[in-house]
Amino acid sequence: MDLELPGEDHPQRTGVRSWLEQHPYAAGRQLAEAGYVAPHWPRPWGLDADPIAQLVIDDELRRAGVARPINPIGIGWAGPTLLHAGTRAQQERYLMPMLAGEELWCQLFSEPGAGSDLADLSTRAVRDGDTYVVSGQKVWTSLAHLSRFGILLARTDPDVPKHQGISYFVCPMDTPGITVRPIVEMTGVHLFNEVFLDDVRIPAENRVGDENQGWALAKVTLGNERVSLSGEGALWGRGPTAQDLLELARKAGGVSDPHMRQRLAQLHMEAEVLRLIRLRTVTAAVKGRQPGPEASVRKALADEHGQRIMGLAKDLAGAAGMLAGTGPFGSTDGQWSYGYLFSPALTIGGGTSEVQRNIIAERALGLPHDTDVEAGRTWAESRRSARA
């Protein structure tokens with residue numbers, strides 16, 4: 001693709017600027033209805049934007065200081081899945097409030113006994129007339145305490161191979177029987193939660209796709225999750241970037257220690273590689289292709305890159321790096337100390353680095369499935385035997 005963006009007077013730019021002049025204090029609903037929240041989505045929710053148009057819109061919104069609504073799980077993960085397999089009624093009910101940031105979403109996938117092997121989940125959904133009765137437990141559910149809806153995986157047929165007996169639901173989080181308990185991180189922030197579902201009744205119309213075919217949709221969600229978690233910021237697409245750290249170093253007059261200089265140079269090179277891979281995933285998305293192995297490639301690289309950014313920031317802060325609210329070169333921006341404490345989670349959330357590398361090996365390189373060499377069994381089978 002051509003990475004050269006249109007000039008200042010190009011119609012793509014002037015059209016966005018004109019809209020922003022007419023909406024100087026654009027609300028989330030206005031941005032959503034204009035198609036500027038997810039420009040690559042199909043109309044009427046997006047603009048069917050090609051990669052260049054999407055980057056131009058991003059650039060113009062950034063210049064104008066206009067922030068899109070914050071709804072990472074909804075817009076980044078649930079929305080693309082509903083576009084892929086949701087009914088027209090589901091799309092019309094959920095997508096616009098999602099884009100406007102009026103209804104937050106969470107993801108009810110992970111379970112205490114099914115971490116890396118997500119398909120080993122045990123939450124059950126039993127059909128009872130026009131509803132499903134759901135019982136089980138989910139964990140590490142970001143934003144569950146604030147969310148209006150969750151995307152839920154539950155087992156609807158326990159008597160078939162595990163990947164074939166899972167269904168995918170939209171779960172209203174205010175449904176009776178749902179209990180949300182906080183998990184407070186070592187950063188002191190409450191982002192994650194445990195969620196308990198005790199005989200929760202979900203309407204059958206909230207099932208997305210066919211019964212027992214939810215695993216295919218889960219892979220769509222996880223692919224988009226890995227794209228979303230691999231944004232420019234070091235902390236799953238948020239927070240500071242390598243360029244932010246490099247800019248601090250420049251303003252401080254540079255770094256005299258040759259080892260530190262080499263680490264900064266390495267971060268710059270990694271950031272450029274990740275930027276180009278991100279453009280590739282954006283191109284795939286706007287051409288209607290689901291994220292492929294490149295999403296796992298970028299996430300595996302981006303997570304470790306983020307940890308190196310935060311680790312170097314702490315080292316550049318010297319002894320002050322042990323204090324909360326301090327950063328490199330005398331910075332008092334608390335994002336650096338918070339980021340260092342949060343960064344260990346990066347290589348776990350959204351699929352561990354080991355899982356990502358297995359996906360890359362199998363789907364991109366054509367290598368055989370990971371096995372327990374001595375026993376000749378798959379890794380998942382070995383885990384089940386160990387638990388038994």
query = Which residues, taken from region 127-174, are more than 12 Å from residue 106 (Cα to Cα) and among the small types (Gly, Ala, Ser)?
reply = 129, 135, 136, 154, 165, 167
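Out of the residues in region 61-76 meeting the condition of being part of a helix (DSSP H, G or I) and in contact with a Gly (Cβ under 9 Å, 6 or more places away or on another chain), tell me which one is nearest to residue 109 (Cα to Cα).
For region 61-76, the residue satisfying everything is 73.
Would it be correct to say that residue 187 is under 15 Å from residue 105 (Cα atoms), among the hydroxyl-bearing types (Ser, Thr, Tyr) and surrounded by 14 or more Cβ atoms within 10 Å (Cβ to Cβ)?
No.
How many residues does region 164-212 hold that are part of a strand (DSSP E or B) and either in contact (Cβ under 8 Å) with a residue 60 or more places away in the chain or over 13 Å from residue 125 (Cβ atoms) (or both)?
27
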task = State yes or no: is residue 264 within 16 Å of the chain's Cα centre (by Cα), modelled with pLDDT of 80 or more and in a helix (DSSP H, G or I)?
result = no
key: Scope region 77-90; condition surrounded by 16 or more Cβ atoms within 10 Å (Cβ to Cβ) and assigned to a loop (DSSP other than H, G, I, E, B); matching residues   = 86
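Quick check: anything in region 33-45 part of a helix (DSSP H, G or I), at pLDDT 95 or above and surrounded by 13 or more Cβ atoms within 10 Å (Cβ to Cβ)?
yes
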query = Being at pLDDT 95 or above and farther than 30 Å from residue 160 by Cβ, is that true of even one residue in region 225-237?
reply = no
note = The number of residues in region 190-205 that are surrounded by fewer than 18 Cβ atoms within 10 Å (Cβ to Cβ) and either modelled with pLDDT of 95 or more or closer than 14 Å to residue 81 by Cβ (or both) is 8
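The values are calculated or read from the model by the stated rules, or taken from the named source; none is laboratory data. Fair warning: this is a prediction, and the values are worked out from it, not measured in the lab. Here the Cβ is made from the backbone with ideal geometry for all residues, glycine too, and neighbour counts use every protein chain on show.
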